[in-house]
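**Student:** This is the structure I have questions about; it appears just below.
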Amino acid sequence: MLHHGKPLPVRLYLGIHDHFPARRSEWVLAGIMVAWGWILLKPTAVFASHPSWSQMAAMMDEATWGWLAISIGSFRLLALIVNGTFARTWYGRWSPHVRALASFLSCFLWFQISFGLWASDAATTGLAVYPGLLVLDAMNIVAASKDAASMDKAVADGR
C-alpha cells in the first residue's frame, strides 16, 4: 500500500504498520541488539559480573561492544523504516539489500556472543538464547536476500 502525499509522521507509522508483520523478527532482533548495547553502556560492569563474559571482555571492552551493538541495531532499524515507508524511492530499491547486510552484521554479533560464552567454559543460560538469535538472523539473511533478488528482477524487467 502506497502512502505518498501523507504527512511524514503518518507515512512513517503506516509504512511500519503495513510491513511489520512480515519483518517482525527483524524488528525484535534489532530492538534486542540496541537494548543489549545500552545495558553495556550503563555504569554497572556486566562483563565483570560473571566469568561467562570473560572471552568477550578479552576481545573488546564493554563500551566498545555496547556502541557496536547500538550502531548495528540502529542501522537495522533505519533500514526497516526505509524498507516499509519509502519502498518506491530510488533508495528504497536497495532496502532489501541493506536489510540482508544488517542481518549479516547482526549474525556477526550474535556469533561473537555465542562463541564467547561457549569458549568461557562458564555455565550460562545465555547459551540457550544467543545461538537462537543467531539462527533467526541467519534465516533473516535468506529472507532479505530473496526480497533483494525479487527487487533486482523487477528492476531488470522495468517494473
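**Student:** Scan the range 67-86 and tell me whether some residue there is out of contact with any Gly (no Cβ under 9 Å at 6 or more places or on another chain), surrounded by fewer than 16 Cβ atoms within 10 Å (Cβ to Cβ) and outside any helix (DSSP H, G or I).
**Tutor:** no
**Student:** Report, by residue number, each residue of the range 61-76 that is more than 24 Å from Leu136 (Cβ to Cβ) and hydrophobic (A, V, I, L, M, F, W, C).
**Tutor:** Scanning the range 61-76 gives a single hit, Ala63.
**Student:** Name the residues in the range 87-100 that are assigned to a helix (DSSP H, G or I) and more than 9 Å from the chain's Cα centre (by Cα), would you?
**Tutor:** Listed by number, the residues that qualify are Gly92, Arg93, Trp94, Ser95, Pro96, His97, Val98, Ala100.
**Student:** Okay, moving on. Looking at (1) surrounded by fewer than 18 Cβ atoms within 10 Å (Cβ to Cβ); (2) among the polar types (S, T, N, Q); (3) in a helix (DSSP H, G or I); (4) without any contact (Cβ under 8 Å) to a residue 24 or more places away in the chain, which one does Ser114 not meet, given that it meets all the others?
**Tutor:** (1)
**Student:** Something else about it: Return the residues of the range 28-46 that are modelled with pLDDT under 95 and either surrounded by 14 or more Cβ atoms within 10 Å (Cβ to Cβ) or part of a helix (DSSP H, G or I) (or both); say none if nothing qualifies.
**Tutor:** Val46
**Student:** Only residues that are without any contact (Cβ under 8 Å) to a residue 24 or more places away in the chain and either touching a His at 6+ places or on another chain (Cβ under 9 Å) or not in a helix (DSSP H, G or I) (or both): list them for the range 47-64, please.
**Tutor:** Matches in the range 47-64: Met60, Asp61.
The values are calculated or read from the model by the stated rules, or taken from the named source; none is laboratory data. What you see is a predicted model; the values in this text were computed from it and never measured. Every residue, glycine among them, receives a Cβ derived from its backbone with ideal geometry; neighbour counts consider all protein chains shown.
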